[in-house]
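The values are calculated or read from the model by the stated rules, or taken from the named source; none is laboratory data. Remember, it's a predicted structure, so these values are computed and weren't measured experimentally. Every residue, glycine among them, receives a Cβ derived from its backbone with ideal geometry; neighbour counts consider all protein chains shown.
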Amino acid sequence: MRISEEIDALEVMAIRSIPYLVGTRILAGLIAVVPLYALSVLASFLSSRIATVVMLGQSPGVYDHYFATFLRPADVLWSFLQAITMAVVVMTVHSYYGYTATGGPAGVGVATGRAVRMSLIGVVTVTLLISLALYGSSRQLHLAG
């Protein structure tokens, strides 16, 4: 948008371009990420149950027992926080590099490459920090309860 002067046109019309462009993209991304992540978690639980019970022939009662024993609801909630944080980091990084891209199509390609690399670093950093915040001070391994 910077290259085709669309951002300049917004500023000429007295529309603050960063809140208008970046804010709406981050809000739309969050609206999309939360239900998609919820569906993904449910699909992963259902597919593991189908694979274990139907394909491997394990008793449904045994599967349900171990599933309830080892799945901590707090960990599922923390995974939502981690997914939302990762999404915000990725959307912010890509919005920044897209907003500041210059130099025509070649500049857009360079900005895209830099944004992808920085997003990868951001996602790994978010994973590290949340993992350390949750499990870093614990010197014991709790598998259940």
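Annotations
- Taken together, Leu46, Leu36, Leu10, Leu42 contain a single residue that is without any contact (Cβ under 8 Å) to a residue 40 or more places away in the chain, assigned to a helix (DSSP H, G or I) and touching a Ser or Thr at 6+ places or on another chain (Cβ under 7 Å), which is Leu10.
- Residue, nearest to Asp75 (Cα to Cα), within region 123-141, restricted to residues that are modelled with pLDDT of 70 or more and in a loop (DSSP other than H, G, I, E, B): Gly136
- Residue in region 50-70 that is in contact (Cβ under 8 Å) with a residue 24 or more places away in the chain and more than 25 Å from Glu6 (Cα to Cα) present: yes
- If the condition is being touching a residue at least 12 places away in the same chain (Cβ under 8 Å) and under 17 Å from Ala133 (Cα atoms), then region 76-96 contributes Val76, Trp78, Ser79, Phe80, Leu81, Gln82, Ala83, Ile84, Thr85, Met86.
- When Gly107, Gly113, Gly103, Gly122 are checked against the criterion of being surrounded by 14 or more Cβ atoms within 10 Å (Cβ to Cβ) and closer than 25 Å to Asp8 by Cα, Gly107 stands alone in meeting it.
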